[in-house]
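Working notes for the structure below.
All of the numbers you see were taken from the coordinates with simple rules; none came from a lab. All of these numbers come straight from a predicted model, not from anything done at the bench. Here the Cβ is made from the backbone with ideal geometry for all residues, glycine too, and neighbour counts use every protein chain on show.
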Amino acid sequence: MAVAKKISIAYPESSLLRRHPPPLVKALDEVVEQLAKEGIKLDVSSAGSLQSSLDAIEDPQKQMLSRLLLIKGMKRAEYFCSGSVDISTFSHYALSVPLYTHFT
Amino acid sequence: MVVHRTLDSCLRLEAEPFSTDAINAASKQCNVRKFASRDAQDASQNLFLVAYLSKLQESSPDGILAEAWVNGVGSRAFDVLVPKFGIQSRVWLEDSMDLGQVAGVEADAEKGKLKVHWNISPREDDLEKVERTVGLDPNRHRTQIIGMFDNLEVLIVANMKQSPPSYKLFAVAPK
């Protein structure tokens, strides 16, 4: 993360970063609705809140199945060039950070 | 490595080491390679899974029965996870209808349930009096109600002769 910040400030048009776009709202809402019918409440305001609401599901089988449902709606993380992509899409959803790259 | 070199130049306060186009090309290539390698990994896992299922199928030619957990309910199909093999798949009731095993299905989207009317006689001690609205004789059918998170049995049929090798899941009439 620190590396990502350093190089993107120094070279804002040519840094190799990694991002994870957030899931589609529609797909996510469908899953939330399906699970709500079964008495499971998910807070999708952020990746962090989503993780906490998943952890809070007591039944291990239901927890695993709920996670699988959500994974289906997720997009893939990808590498990108800081100069070629809209800055509002730089963030990494699953890691909950605004800027990221692979370094090690 | 690109990132290492970029950081290195940055710390030495040098001018940008790579052009925007170069980084663009590099990131595209990284994505292509990474997704390809993931696809290859998935294909390899699938191959070994189907080979294993086919081996099990030698002693059980009709298919392999396994416990499944429902992970989604539709109007003509339902999704499951088969924990024993790590399989995630959709089960189509149409297939059971084509085989003549199922007379019809009814979806209750509001409750998220799917009713499956099997062509076998109802159990003596059917706990739930199910309302049949599709004009079927209740004495000639056994109704299965499928809901989210239910545990039920499915039949897995593997096919090594197809390319890529595949498997198909079928619904199984409840006992």
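Taking the alpha-carbon distance from A:Lys37 and a cut-off under 13 Å, which aspartates and glutamates remain once sequence neighbours fewer than 8 residues away in the same chain are dropped? A:Lys37 reaches A:Asp29, B:Asp108, B:Glu110.
Partner aspartates and glutamates whose Cα lies under 12 Å from the Cα of A:Lys6, excluding those fewer than 8 positions away in the same chain, are identified as B:Asp8. Per-residue ellipticity at 222 nm, computed for the protein assembly as shown from helices alone with -39500 (n - 2.57) per DSSP H run of at least four residues, works out to -11500 deg cm²/dmol.
Would you mind telling me which residue in B:Leu93, B:Leu11, B:Leu53 has the biggest mean-square fluctuation in a Gaussian network model of chain B, where springs connect alpha carbons within a distance under 10 angstrom? Of B:Leu93, B:Leu11, B:Leu53, the Gaussian network model singles out B:Leu11 as fluctuating most. Placing a label point 7 Å from the Cα of B:Glu110 along the Cα-to-Cβ line, the residues of the stretch A:7-42 whose backbone N sits under 20 Å from it are A:33-40. Take each residue of peptide B:12-22, count the partner chain Cβ atoms within 10 Å of its Cβ, and average: the result is 4. Ordering B:Lys115, B:Lys84, A:Lys26 from the fewest to the most neighbouring beta carbons within 10 Å gives A:Lys26, B:Lys84, B:Lys115.
Computed from backbone phi, the HN-Hα couplings of the stretch B:144-155 come to 10, 9, 10, x, 4, 6, 5, 9, 8, 9, 10, 10 Hz, rounded to whole numbers (Karplus: 6.51 cos²θ - 1.76 cosθ + 1.60, θ = phi - 60°; Gly and Pro given as x).
For the stretch B:1-112, what mean projected area does the convex hull of the alpha carbons give, in nm²?
Values: hull surface 52.2 nm².
The directionally averaged projection comes out at 13.1 nm².
The lysines whose alpha-carbon is closer than 24 Å to the alpha-carbon of A:Lys41, local same-chain residues fewer than 8 away aside, are A:Lys26, A:Lys62, A:Lys72, A:Lys75, B:Lys111, B:Lys113.
Mind checking the full-extension length gain between B:Lys84 and B:Ala173? Use 0.36 nm per residue of separation minus the Cα-Cα distance, one decimal, nm. Before the final figure, lay out the partial values.
Working: separation 89, 0.36 × 89 = 32.04 nm, distance 1.98 nm.
So the extension gain works out to 30.1 nm.
Approximating the spin labels as points 7 Å out from Cα along Cα→Cβ, the A:Asp55-to-B:Glu94 distance works out to 4.3 nm. Helix B:2-11 axis versus longest C-alpha principal axis of chain B: approximately 40°, rounded to the nearest ten.
By count of other Cβ within 10 Å, fewest leading, how are B:Ile23, A:Ile57 ordered? Numbers along the way, then the final one.
Numbers: B:Ile23 26, A:Ile57 19.
Placing the least packed residue first, the sequence is A:Ile57, B:Ile23.
Largest GNM mean-square fluctuation across B:Phe48, B:Phe85, B:Phe35, computed for chain B with C-alpha springs under 10 Å, falls on B:Phe35. Projecting label points 7 angstrom from Cα along Cα→Cβ for B:Ser166 and A:His102 puts them 3.1 nm apart. Report the Rg/Rh value for the protein assembly as shown, based on alpha-carbon coordinates and the Kirkwood definition of Rh. That ratio is 1.11, to two decimals.
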